[in-house]
1. Within 10 Å, count the other beta carbons around each residue, average over each peptide in A:130-136, E:72-78, and list them highest first.
2. At a 10 angstrom cut-off on C-beta neighbours, averaged per residue, how do the peptides A:91-98, D:81-88 rank from highest to lowest?
3. For segment F:52-64, just list the computed ³J(HN,Hα) in residue order, Karplus coefficients 6.51, -1.76 and 1.60, θ = phi - 60°, integers in Hz, with x standing in for Gly and Pro.
4. For the protein assembly as shown, report the accessible area per residue in Å² (1.4 Å probe, heavy atoms, rounded to an integer).
5. Compute, for segment D:33-137, the length of the dipole vector about the Cα centre, with Cβ point charges of +1 (Lys, Arg) and -1 (Asp, Glu) only. Units Debye, rounded to 20.
6. Taking amide hydrogens as modeled 1.01 Å from N in the peptide plane, which residues meet the under 5 Å criterion relative to B:Leu22, leaving out close sequence neighbours?
7. In peptide D:102-111, what is the residue-averaged number of other protein chain Cβ atoms found within 10 Å of each Cβ?
8. Starting at the first residue of segment E:121-137, write each ³J(HN,Hα) from the Karplus equation 6.51 cos²θ - 1.76 cosθ + 1.60 with θ = phi - 60°, in whole Hz, x for Gly and Pro.
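The values are calculated or read from the model by the stated rules, or taken from the named source; none is laboratory data. No experiment lies behind these values; they were computed from the predicted model shown. Positions of Cβ are backbone-derived with ideal geometry, glycine not excepted, and every protein chain shown enters the neighbour counts. Note: areas computed on protein heavy atoms with side chains; ligands, DNA, RNA excluded. Shrake-Rupley method; radii C 1.70, N 1.55, O 1.52, S 1.80 Å.
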There are 6 protein chains.
Amino acid sequence: MRVSVFRKEHFNAAHRLHNPSLSDSENKELFGKCNNPNYHGHNYELVVRVTGEIDPVSGYVIDMKVLSKIINEKILHKFDHKNLNLDTQEFKNLNPTAENIAVVIYQILSDELDKHYNIKVWLYETERNFVEYPAAD
Amino acid sequence: MRVSVFRKEHFNAAHRLHNPSLSDSENKELFGKCNNPNYHGHNYELVVRVTGEIDPVSGYVIDMKVLSKIINEKILHKFDHKNLNLDTQEFKNLNPTAENIAVVIYQILSDELDKHYNIKVWLYETERNFVEYPAAD
Amino acid sequence: MRVSVFRKEHFNAAHRLHNPSLSDSENKELFGKCNNPNYHGHNYELVVRVTGEIDPVSGYVIDMKVLSKIINEKILHKFDHKNLNLDTQEFKNLNPTAENIAVVIYQILSDELDKHYNIKVWLYETERNFVEYPAAD
Amino acid sequence: MRVSVFRKEHFNAAHRLHNPSLSDSENKELFGKCNNPNYHGHNYELVVRVTGEIDPVSGYVIDMKVLSKIINEKILHKFDHKNLNLDTQEFKNLNPTAENIAVVIYQILSDELDKHYNIKVWLYETERNFVEYPAAD
Amino acid sequence: MRVSVFRKEHFNAAHRLHNPSLSDSENKELFGKCNNPNYHGHNYELVVRVTGEIDPVSGYVIDMKVLSKIINEKILHKFDHKNLNLDTQEFKNLNPTAENIAVVIYQILSDELDKHYNIKVWLYETERNFVEYPAAD
Amino acid sequence: MRVSVFRKEHFNAAHRLHNPSLSDSENKELFGKCNNPNYHGHNYELVVRVTGEIDPVSGYVIDMKVLSKIINEKILHKFDHKNLNLDTQEFKNLNPTAENIAVVIYQILSDELDKHYNIKVWLYETERNFVEYPAAD
C-alpha cells in the first residue's frame, strides 16, 4: 500500500534576482523588475510530497506532525521573514529563483527524512508562478 | 489521444484515529488530538482522476455527469455526514487515516469504472494535509 | 485613522444538530443528514474582524500575534479536534449550528478583547455555507 | 538540475457541445445542458507546465515573462472573450470539450516552444471539472 | 440574536455586453472584447446573504437546504448553461452586466423569501471582478 | 440602482516594520520577525470597492478596465516589485504596516476617482492577515 502524502506550509521572504557575473544592464534586461536592487518579496507556498508504504500500526505513511515539524525547523526557520540573498547561507552565491529555492529545499529535506521515502517539492512564488523539483518528466 | 480528466467532490464526516491493539496512552502518544474518544471531523475534498482515450463521438474521456453520479452514489452516499468509525463497514476495523480512506475510495471506484480506465484519487483532509493513491512514485 | 483588521484561523470538530425538545422524527425532518446520531464533522474556518484606531507607535490596530494568540487560547484550544456536543461546556445545552457557534465565539472574544474594539466574526462551516455575527444589517 | 515550472493563465469563452453527425435528440441526450443551441460559457483556467534544465546564467528553466507572453499571444489572443464554436478555426469542426481544448492548446504550445522542453497542460472548465494532456498515465 | 447567513452557488452562462441604442463602433469602444457578437461566457459565483433572528427551535436563521433550493429553482434553473441575452426574459432588453445581473437576482430572491429577512447578493464574474447589491454604502 | 463593484489586483513587495523613535530592542520586541533589518516580503492582494449608481447607457457603475488601469498606474506601478521602505516616497517616514498601506492606497485612489464614488480598500498581507479601510464600524 504505497501512498503519497502532502504537507503545505508557507513562508514570507524578500529576494532579488541578480547574477554578479553579468553587467547591471544585462541583469536589468534579464530579470526586469525582479532585479530591483532594494529587493521585493513573496508569500511562498511550499508543498512537500512524501511517498512510502502505509505503516500498519499507525495507518500513516509519515506522521504529518513530524513532517510539519521538520519543515518548520529546517526550512521555515531558515527562510521565513528573511532576505534570501542577505540572510541565508544557501543563497549567498546562488540566485534565489523559484527553481533554485525548490532544489535547495529538496536537498535539505532529503538529508532530514528517512532514505526509504521519495520526496518532491512544489514552490509557489505567486498563485500563477510555481515550480516542481525533481522535474515531472 | 489519451487524456486525464478530474472530478472534485466533497463530503463531511467525523472520525477518530485509534488502533485497538495499542494501549490508551500509546494511542494518545501516536495520534495526539486526532485520538479524541468523542471524534472530530473534516470537510473532505476528493479529487478523482480518470485516464483514457478521447471518445471520437462525444469528445469525452468519460462523461463527467456519469463520473460524478458514480462518486455520489458509491462514495458520498456512504461517507457524507457520517461517522467513519461507527457508521461505515469499511472503517469498522480499519483506522480512518487519510491514507486508508484514499485506498478504500480507490478500490470502490476501481470496481465501478470500466477496466480500461486508469484511476487515481487525492483526498484532502484539510487544505494543508492531503494524500494521493496510487502513490506518485 | 480607524481601520478594521482581520485574522483567519481554523479548527476541526465533530457535531450533531439536534433539539432534545423535539421527537426523533421531527429532528430527522428538520436537520436531515446533520442529525446523524453518531455525528459528522467540519473544517471550520473562522475570520475575526477587529476595528479600532491605528496606534501611532506601532502602526497597528492590534498586534496580529496577540490577536492570533487570544483566538488560539480561548477558541481553538476549546473547540479544535473536539466533539462540540460532548466535549464542550458551551454546546452541552445549545444546538451547535453555525449561527450559534458564531455567537458563542463572539461572546468569548468580546470578553477577552479591550472594550474600545468593535468585533465581528465569520464562521465558514463549508466553503458554501457561512455566517456572520453580529448581523450585517 | 531538471525542474518543472508552471504558469497559470485564464480566458473567458462561450461554447456549445454538439456533434453534427448525431441527431438533435441524441445530442441533447449526450451533452445535456451543455448542448444549449445558444451557447453557455466558462472562466477557463489554464496551467502550462514546462520541464527542462535550470539555465546556469539565469537560474530559470524558462523566463516566465517569455512563457506568459507566448501563452497570451498564441492562446489567449485566440480564445479569450470568444465563442469557441463560431470564432475560432480550431473548433469549427472539433467539439470544444475540455479534453479537445487541452489537446489543441498543447499542440499550439508545442509548436511555439523549444523542442528540448517537455510540455503539459491542465485546463479547468470549472473548479470541479478539469483535464490534463498528455495523459498522466 | 440577529445573524447573517451566506449561501454560495454557481452557474455557467454566455453573454454579450451591448446597448442597441448605440452604434456598433460606440459599442465596441465602450464594451471592448465583451461586445463580441458571438458572445463569451463565465463561471458566475453567486453569494446570497440572508439576515434575520436565530429561530430558537432550529438554531437556524434560515434552513440552508431551503435557501439553496430556492436559489436553484428560481435563479440557477433560469440562468445556468444559458445565453443570458437570448435565452432569458430578464435580459432581453437589459444589458447583462454583472451590476444588472445582481440587481435582477436580488429582485427575484426578494419576491421568494419572507419579508422579515434582509437580503444581499454578491456576483463574481471572475475572481477579480465582482459586484454587491444593494450597495454597501 | 446603487451597486458596489470590486476589482482585485496584486503586487509583490519587500518591507520592514520599524519605528525609528524606538530602540532596537523595543523594535524587536514590538515587531518580532517583521523587524528583520534586511526586510522580508509579501504577495499583497488588493481589493478596491467602488460604490455608485448604475450608468443607464453602459450598465456599469464604473468601467472595470478604467478602474483596473487607475489601480495599475497609480498603485501597482509605485509598489509592485519594490521595497516599500526604501523605494517609495509614501513609506519613507511611515511604518509600512498593512493598516498604513491600506490608508495610503485609499488616499491615492480617492484623489484619482470621481468624488461621487464611495471607495473602500481591503489589503491582504497574507491569506490569514488582512485589513479594511475605511473601517467597517
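1. A:130-136, E:72-78
2. Those peptides, ordered most packed to least, come out D:81-88, A:91-98.
3. Listing the rounded values in order: x, 7, 5, 5, x, 6, 8, x, 9, 6, 8, 5, 4 Hz.
4. For the protein assembly as shown, the per-residue accessible area is 40 Å².
5. Around 280 debye, computed over segment D:33-137.
6. Excluding prolines and chain starts, which carry no amide H, there are no hits.
7. Values: counts 5, 5, 0, 0, 1, 0, 0, 0, 0, 0.
Mean inter-chain Cβ contacts per residue within 10 Å come to 1.
8. Computed from phi, the couplings for segment E:121-137 are 10, 10, 10, 9, 7, 9, 4, 9, 10, 8, 9, 9, 9, x, 4, 6, 7 Hz.
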